[in-house]
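A.B. asks: First the structure, then my questions, so here it is.
The values are calculated or read from the model by the stated rules, or taken from the named source; none is laboratory data. All values reported here derive from a predicted model rather than from experimental measurement. Cβ placement follows ideal geometry from the backbone for every residue including glycine, while neighbour counts extend to all protein chains displayed.
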Amino acid sequence: MNHEAHEAHESLRAFLAFAIVVFFVVPSSGQTFRARVDTVQVTVTVTDANGRLITGLAKDDFEILEDGVPQSISVFTNERVPVSLGVLIDASDSMRGQRIADARAAVDQFLTGLLERGDEAFVAAFNHQPRLVAPWTRPPSALEGELGRVLPSGGTALYDSLVASAGYFGRRLHPRSALVVVSDGVDTASDWTLHRTREVLQRADPLVYAIAVDSAAAPISRRVSVEALREITATSGGYTEVVKGTADLGPATARIADELNKQYTLGYVPARPPDGSWRSIRVRVKSGGYFTRARRGYYAER
């Protein structure tokens with residue numbers, strides 16, 4: 001084993017040891033508990049000017065700043081680590097017919113062919129209210145066909161459903177987490193606001209990926225709010241992709257899976273003790289020409 005491979009292997013071992021400290025499961029109850037640690041974990045995506053995913057970087061290539069102050073990177077791996085992933089599908093009336101069929105096929109492809117056995121996933125759907133279709137399950141392939149029980153109807157409560165999904169991440173198994181949401185309409189039925197929804201997701205800490213089905217044939221009053229989705233996803237380190245029809249959902253979810261497979265995991269111990277405040281995070285690659293995406297901050301919970 002060469003020096004670079006040995007260093008990557010040791011970094012992965014250190015990260016997995018950290019993960020075991022943070023999350024442990026009591027088999028008799030099935031509950032997941034969190035231990036008190038001060039390490040802040042950051043999942044980072046690196047791309048070049050053409051949007052191509054960049055792999056193979058080392059710890060010394062990165063710099064992390066918290067509130068503008070450089071931090072010492074204590075945890076690093078450039079290998080894929082398991083992910084806890086939630087899938088949230090719009091099942092309002094506008095998703096009837098071929099649209100829900102395309103969504104089912106894309107989700108099944110995602111869960112059975114693009115994730116790994118060590119990952120876990122849940123599936124949720126929403127119309128005017130959220131619904132958990134299947135709880136955290138491992139391996140994700142065991143969830144194939146779960147959306148077949150979902151029949152589209154009713155309005156669209158996107159923000160309420162995002163908040164409900166955020167609550168599931170408190171019981172996840174893996175530190176690295178992501179939420180993929182698919183919607184084809186504007187929110188018409190939520191009690192939660194966009195601002196509050198974004199805050200709840202920031203506290204739950206998943207990467208949020210949104211696929212907005214924005215058909216030009218739909219009335220303007222019912223077209224999906226792409227800017228609202230981007231406001232939610234950008235602060236988390238994910239992104240929003242706009243597709244013209246549900247037939248494009250398969251390739252869109254494949255691109256998300258490819259990104260999840262090529263990310264970096266970094267961690268650092270802040271100098272300041274937790275005080276409940278919001279703290280900004282900025283991750284940079286020291287050499288020029290590369291771009292990074294990561295969560296923009298966190299709440300330093302007491």
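A.B. asks: Among the candidates R222, R284, which residue alone is modelled with pLDDT under 95 and surrounded by fewer than 21 Cβ atoms within 10 Å (Cβ to Cβ)?
C.D. replies: Values: R284 fails: modelled with pLDDT under 95.
Just one listed residue meets the conditions, R222.
A.B. asks: Does S84 count as within 30 Å of S153 (Cα to Cα) and modelled with pLDDT of 90 or more?
C.D. replies: Taking the combined requirement at face value, the residue satisfies it.
A.B. asks: When the residues of region 256-296 are filtered to those that are of a type in the set (S, T, Y) and assigned to a loop (DSSP other than H, G, I, E, B), which remaining residue is farthest from N50 (Cα to Cα)?
C.D. replies: S277
A.B. asks: Then there's this: Can you give me the number of residues within region 232-252 that are buried (at least 18 other Cβ atoms within 10 Å of the Cβ) and either within 12 Å of the chain's Cα centre (by Cα) or basic (K, R) (or both)?
C.D. replies: 7
Every residue, every condition in (1) small (G, A, S); (2) more than 21 Å from D205 (Cβ to Cβ), yes or no:
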site	(1), (2)
A91	yes, yes
Q98	no, yes
R104	no, yes
L111	no, yes
L132	no, no
R138	no, no
S141	yes, yes
L158	no, no
A189	yes, yes
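A.B. asks: Another question, if that's okay. What helices (runs of 4 or more DSSP H) completely inside region 137-236 contain at least 2 residues that are among the charged types (D, E, K, R)?
C.D. replies: Per the criteria, 194-204, 226-236.
A.B. asks: Looking at (1) within 23 Å of N78 (Cβ to Cβ); (2) outside the structural domain of D119 (by TED's automatic domain parsing), which is the only condition D275 fails?
C.D. replies: Only one criterion is unmet by D275, namely (1).
A.B. asks: Now a separate question. What residue, among those in region 46-91 that are of a type in the set (S, T, N, Q) and not in a loop (DSSP other than H, G, I, E, B), is surrounded by the most Cβ atoms within 10 Å (Cβ to Cβ)? Talk me through it step by step, then tell me what you get.
C.D. replies: Taking region 46-91 as the starting set, the residues that turn out to be of a type in the set (S, T, N, Q) are 47, 50, 55, 71-72, 74, 77-78, 84.
Remaining after also requiring not in a loop (DSSP other than H, G, I, E, B): 47, 71, 74, 77, 84.
Details: T47: 15, Q71: 20, S74: 14, T77: 22, S84: 25.
So the residue we want is S84.
A.B. asks: Something else: With touching a Phe, Trp or Tyr at 6+ places or on another chain (Cβ under 7 Å), surrounded by 19 or more Cβ atoms within 10 Å (Cβ to Cβ) and more than 22 Å from T43 (Cβ to Cβ) as the only criterion, which of A164, A157, A178, A204 stands out?
C.D. replies: A157
A.B. asks: Of all residues in region 109-129, how many are assigned to a strand (DSSP E or B), aliphatic (A, V, I, L, M) and touching an Asp or Glu at 6+ places or on another chain (Cβ under 9 Å)?
C.D. replies: Looking only at that region, the number is 2.
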